[in-house]
Amino acid sequence: MVHFTQLSKRKKILGIILISSILLILISILLLRFLPYPELDAFLKERQYSTRIFDCNNNLIQIIPLENGLRREYTPLEDIPEEIIKAFIQAEDQHFYSHFGIDVGSVLRASFQNISNQSTISGASTITMQLARIISPSPTRNILAKGKEALNALRLELRLSKNEILELYLNNLPFGFNTEGVSTAARSFYGKVLKSLAQEEIYTLAVIP
């Protein structure tokens, strides 16, 4: 009888823990989804892109840079060739479509490698985390900045679709040389539009960042 009573108490405790955990997860999701994210709102509304000027025959004759000399063109995801999308996902975040903003497996692998080598030789930033860093840049690269980046990645995943995240990422990814976004990178490095890139040029672009 005593043994049965103890077993019953254990089941109740486990049930309480399980219900509490589920409620905590649900509350966390709701907070991440609905609490204000002013950096994202400002990014979506105020982000500037280079102006393209075409002649009467629809030939591009000029791309006007932004005030700081930066060139950043915007290309909708449906106009970016599938080969380019696949190449960047392969290079930066192979599990992009299956994780929720944080790739736990990559985090564990990178942590083990870095601890084993006593230096940072591997990162675990997903495409969503990289976009979060673009939206909310941090002057430092420490554990707190990484934690904020991961938290903002969760917020992005709860507010935007995977395709929306990918579109923003590919159009704002820095390549150096006052160049951001894959369209501008293709034009700056190869003098081509995205649809004209050869396979080896696509792979090269994907590893530059």
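The C-alpha atoms of the chain define a longest principal axis, and helix 82-92 lies at about 50 degrees to it. Convex hull volume per residue, computed on the Cα atoms of the range 1-73, equals 161 Å³. Straight-line cross-link partners of Lys146 among the lysines, defined as a Cα under 24 Å from its Cα and at least 8 positions apart when in the same chain: Lys162.
Over the residues of the chain, the helix contribution to mean residue ellipticity at 222 nm works out to -18500 deg cm²/dmol, using -39500 (n - 2.57) for each DSSP H run of at least 4.
Across q = 0.21 Å⁻¹, the range 145-209 modelled as identical point scatterers on its alpha-carbon atoms has Debye log10 I(q)/I(0) values of -0.88, in the order of the q list.
If only the Cβ of Lys and Arg carry +1 and only the Cβ of Asp and Glu carry -1, the dipole of the chain around its Cα centre is close to 1200 debye.
Summing charges over all other residues whose Cβ lies under 9 Å from the Cβ of Gln48, with Lys and Arg as +1 and Asp and Glu as -1, gives 0. Tyr169 exposes around 0 Å² of accessible area when a 1.4 Å probe is run over every protein chain in place. Once the Cα atoms of helix 143-159 and of the chain are each reduced to a long axis, what angle between those two axes, in degrees from 0 to 90 to the nearest 10, is obtained? Between helix and principal axis, roughly 80 degrees.
The values are calculated or read from the model by the stated rules, or taken from the named source; none is laboratory data. Keep in mind it's a predicted model, so treat the numbers as computed, not measured. Neighbour counts are summed over all protein chains in view; Cβ atoms, including those assigned to glycine, are modelled from backbone coordinates with ideal geometry. Calculation scope for accessible area: heavy atoms of the full protein, side chains included, ligands and nucleic acids excluded. Shrake-Rupley method; radii C 1.70, N 1.55, O 1.52, S 1.80 Å.
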